[in-house]
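Bear in mind that the values in this text are calculations on the coordinates, not laboratory data. Nothing here was measured: the structure is a model prediction, and the numbers come from that model. Cβ: placed from backbone, ideal geometry, glycine included. Neighbour counts: every protein chain shown.
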Amino acid sequence: MKILITGGKGQLGRDLEKVLLNTGKYELTCLGHDALDIIKPGNVQQIVLTNRPEVIIHAAANTNVDQCELDKDSAYLVNALGSRNVAVAAAKIGAKLVYISTDYVFGVRSSHLTFVELCGRAIPYTEFDLPDPINVYGKSKLAGEQYVASLSNKYFIVRTSWLYGRHGKNFVKTMLDLAKEKNEVSVVNDQVGSPTYTKDLARFLAELIQTELYGIYHATNGGFCSWFDFARAIFQMAGLGQVKVRPASTPELNRPAPRPAYSVLDNYCIRLEGLPALRPWEEALQEFLSEIQE
Ligand SMILES: NC(=O)c1ccc[n+]([C@@H]2O[C@H](COP(=O)([O-])OP(=O)(O)OC[C@H]3O[C@@H](n4cnc5c(N)ncnc54)[C@H](OP(=O)(O)O)[C@@H]3O)[C@@H](O)[C@H]2O)c1
């Protein structure tokens with residue numbers, strides 16, 4: 001089966017390439033920003049029509065949440081219109097299209113939650129809940145979803161959250177770097193979500209693309225935590241228990257983009273369809289840390 005990956009040099013793209021190649025089932029064209037710029041419809045058409053993949057995994061995006069808030073045009077150009085360009089090209093050749101989306105398509109509901117609710121009594125979002133993004137990144141990714149759903153009739157929209165992996169910048173790597181120079185770090189404890197290992201998501205996608213079970217999926221590692229809990233788990237599992245984590249609040253950070261207080265995704269359709277569930281986030285983190293320490 002021939003697969004084309006957009007955003008192929010990003011943190012998910014790099015792990016997708018590795019995981020899909022390891023299955024021995026797929027012929028891959030994995031293109032970075034320099035080789036395939038999704039905001040150029042001509043570039044997208046030319047590559048898709050020449051390669052004629054059976055599946056396109058669209059992982060390219062403007063993922064800098066604060067930058068999206070400050071430069072709305074660029075966010076919509078890449079995440080919304082760029083995704084339209086990919087969807088139009090996929091439809092032309094009848095390819096299956098996987099659009100990687102985000103937990104940040106949700107958020108408004110959680111802005112009224114109390115601390116107790118945040119710590120475990122709030123209700124995770126299912127695929128059948130109406131999106132309610134609170135920042136430009138989430139809104140532009142949702143617009144991308146809408147283009148994909150209206151232009152392709154063989155689509156999987158896969159929402160995931162709090163990604164980390166070996167490649168690129170992410171929270172786990174930032175914490176490990178901070179531990180080299182500090183013995184105390186401040187981390188917010190008023191945002192709750194599900195950390196997800198890119199390799200686990202890639203393995204799930206490798207299964208999903210073989211099916212015709214089209215539609216929206218929530219795909220995250222199991223369980224949830226705050227960024228504060230996540231940081232503590234990283235230090236503990238990495239043998240850096242001496243690094244103290246100080247709880248901070250989101251307003252203290254004063255970042256340009258608002259963040260959802262609670263964006264836990266119920267992997268409801270995975271359960272309903274009997275697809276392989278992603279393991280708990282703690283197990284995935286433990287394996288990731290062992291892998292990068294090797
Ligand atoms: N990271 C997370 O926590 C997270 C959470 C939920 C969902 N997601 C979604 O998961 C997907 C993969 O994210 P990731 O973490 O792998 O992000 P990433 O590392 O930032 O990768 C995204 C890639 O897209 C490329 N890109 C940006 N603009 C492009 C354009 N116009 N044309 C082609 N490529 C372009 C970037 O290249 P340059 O850097 O060279 O511009 C980058 O390599 C994205 O759709 C994201 O929205 C991510």
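A few points about this structure:
- Summed residue charge, Cβ within 9 Å of residue 185's Cβ, Lys/Arg positive, Asp/Glu negative: +2
- Shape category assigned to the stretch 120-173 from the gyration tensor of Cα positions, a/c cut at 1.5: oblate
- Gain in span if fully extended, residue 49 to residue 214, counting 0.36 nm per residue against the direct Cα distance: 57.1 nm
- Farthest towards the positive end of the charge dipole of the chain, among the residues 12, 137, 97, is the Cα of 97, using unit charges on the Cβ of Lys, Arg, Asp and Glu.
- Total charge dipole magnitude, the chain, about the Cα centre, Cβ charges on Lys, Arg, Asp, Glu only, Debye to nearest 20: 440
- Over the stretch 32-109, relative contact order from alpha-carbon pairs under 8 Å, at least 6 apart, %: 42
- Placing R0 at 25 angstrom, the Cβ-Cβ distance between residue 183 and residue 292 gives a FRET efficiency of 0.75 after rounding to 0.05.
- Using a cutoff of 8 angstrom between alpha carbon atoms and counting only pairs six or more residues apart, the relative contact order for the chain works out to 21 percent.
- Neighbour net charge for residue 66 - beta-carbon separation under 14 angstrom, K R +1, D E -1: +2
- With respect to the chain, whose longest principal axis is taken over its alpha-carbon atoms, helix 171-181 is tilted by about 40°.
- Applying a DSSP loop filter and a limit of 12 other Cβ atoms within 10 Å to the trypsin sites (Lys or Arg not before Pro) in the stretch 128-196 leaves 169, 182.
- Potential extension, residue 74-residue 108 segment - 0.36 nm per residue separation minus Cα distance: 9.9 nm
- Applying the criteria of a DSSP loop state and at most 16 other Cβ atoms within 10 Å to the trypsin sites (Lys or Arg not before Pro) of the stretch 1-98 yields 25.
- For the stretch 2-48, a/c is not less than 1.5, where a ≥ b ≥ c are the root eigenvalues of the C-alpha gyration tensor, and a/b does not top b/c. That puts it in the oblate class.
- Only DSSP H runs of four or more residues enter the estimate; each adds -39500 (n - 2.57), and after division by the residues of the chain the mean residue ellipticity at 222 nm equals -11500 deg cm²/dmol.
- Among residues other than residue 158 with Cβ under 11 Å from its Cβ, the summed charge is -1 (Lys and Arg +1, Asp and Glu -1).
- The stretch 184-244-the stretch 46-91 distance, computed between alpha-carbon centres (Å): 24
- Dimensions in Å of the chain - Rg and Dmax from alpha carbons: 18.6, 56
- Overall form of the stretch 1-149 per C-alpha gyration tensor (a/c, 1.5; a/b vs b/c): prolate
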